[in-house]
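The values are calculated or read from the model by the stated rules, or taken from the named source; none is laboratory data. The structure presented is a predicted model; accordingly, all values stated were derived computationally and were not measured. Neighbour counts run over all protein chains shown; Cβ positions are idealised from the backbone, glycine included.
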Amino acid sequence: MRKALALPTIALAAAAFPLLTVTGASADDGAHSYQANLGALNASGVTGTGMVTIDGTTATVMIDASGLVAGAPHAQHFHIGAQGACPTDEDDTNSDGFVSVTEGVPYYGAIGTSLTTTGDTSPDSGLAIDRFPTDGDIAYERTFEVTPDVAASFEAGTAVLVLHGVDKDGSGTYDGSVMSDLDPTLPMEATAPAACGAFSASQMGTTPSGGAETGGGSTAGTEQTTAMGVGAVALVGAAAAGAVAYRRRQAADQA
Ligand SMILES: [Cu+2]
């Protein structure tokens, strides 16, 4: 009599537990989203936001920024491994009139990713000026692989978005007598940070639509469906587990 009841329940459990396993895996390994609000540096007047969704080491990056010098390349990077913060114009420690990259590094760290438009995205492309946006208004979107240290920096809250290139003297291009701390053949204006924003984890619901399908329930609708599915499966699983435990107790009693 008991066996007749238990067997169909266990058959249900066999179907139910693989579902539970899949649901658990997607919750643990799903995409995480981060947002940075850009603040102006070197009196650039630049405003904007950066949105990043990272799934493992696959990053989808969206940058919207305005107020940059038009027709001039703007190097843009994830900086990692420092305080996860931005300098201010007060941090011009050598008083050359610019907050330079060197003066920003204690706050935002070294280049982790070069946000190029094509090709290599490693720190080696940090000054690949032919592969960075050149518009005054940037609308950048690209999906690519980041290194594990960059992914870890986002999780640790130490990833920072920095856009470079500022026409501080208002001449319409990069020039001036102060030369870059990174490359003495370039004017400081070409490499000085124009905007900076530290990434922080996005709230659920502000996840970009592209991330919803891999996010394990990033939208309210998906969350409800998932929760109901898990609830139903968990109930079946609990009943089945109880039946298995009962059978084990019986077997132990018989031994
Ligand atoms: Cu940079």
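Summary of values
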read-out	value
Thr60 more than 12 Å from the ligand (Cβ to nearest atom), in contact (Cβ under 8 Å) with a residue 60 or more places away in the chain and either surrounded by 22 or more Cβ atoms within 10 Å (Cβ to Cβ) or not hydroxyl-bearing (Ser, Thr, Tyr) (or both)	no
Single match in Ala36, Ala65 (criterion: assigned to a strand (DSSP E or B), over 16 Å from the mean Cα position of the chain (by Cα), modelled with pLDDT of 95 or more and in the same structural domain as Pro184 (by TED's automatic domain parsing))	Ala65
Evaluation of Thr143 against (1) part of a loop (DSSP other than H, G, I, E, B); (2) in contact with a strand residue (DSSP E or B) (Cβ under 7 Å, 6 or more places away or on another chain); (3) polar (S, T, N, Q) (one fails), failing number	(1)
One residue from Gly84, Gly50 being assigned to a strand (DSSP E or B) and at pLDDT 95 or above	Gly50
Meets criteria (free of Cβ contacts under 8 Å to residues at least 40 places away in the same chain, among the charged types (D, E, K, R) and farther than 20 Å from Gly157 by Cβ) for Asp91	yes
Count of residues meeting criterion [in contact (Cβ under 8 Å) with a residue 24 or more places away in the chain and more than 16 Å from the ligand (Cβ to nearest atom)] in the stretch 178-197	1
Filtered residues of the stretch 155-177 (kept if in contact (Cβ under 8 Å) with a residue 60 or more places away in the chain, touching a strand residue (DSSP E or B) at 6+ places or on another chain (Cβ under 8 Å) and more than 16 Å from the ligand (Cβ to nearest atom))	Glu155, Gly157
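To keep it simple, each residue is scored yes or no on (1) within 13 Å of the ligand (Cβ to nearest atom); (2) more than 12 Å from Cys196 (Cβ to Cβ); (3) in a strand (DSSP E or B).
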{"residue": "Pro73", "(1), (2), (3)": "yes, yes, no"}
{"residue": "Asn94", "(1), (2), (3)": "no, yes, no"}
{"residue": "Val99", "(1), (2), (3)": "yes, no, no"}
{"residue": "Thr102", "(1), (2), (3)": "yes, yes, no"}
{"residue": "Val105", "(1), (2), (3)": "yes, no, no"}
{"residue": "Thr117", "(1), (2), (3)": "no, yes, no"}
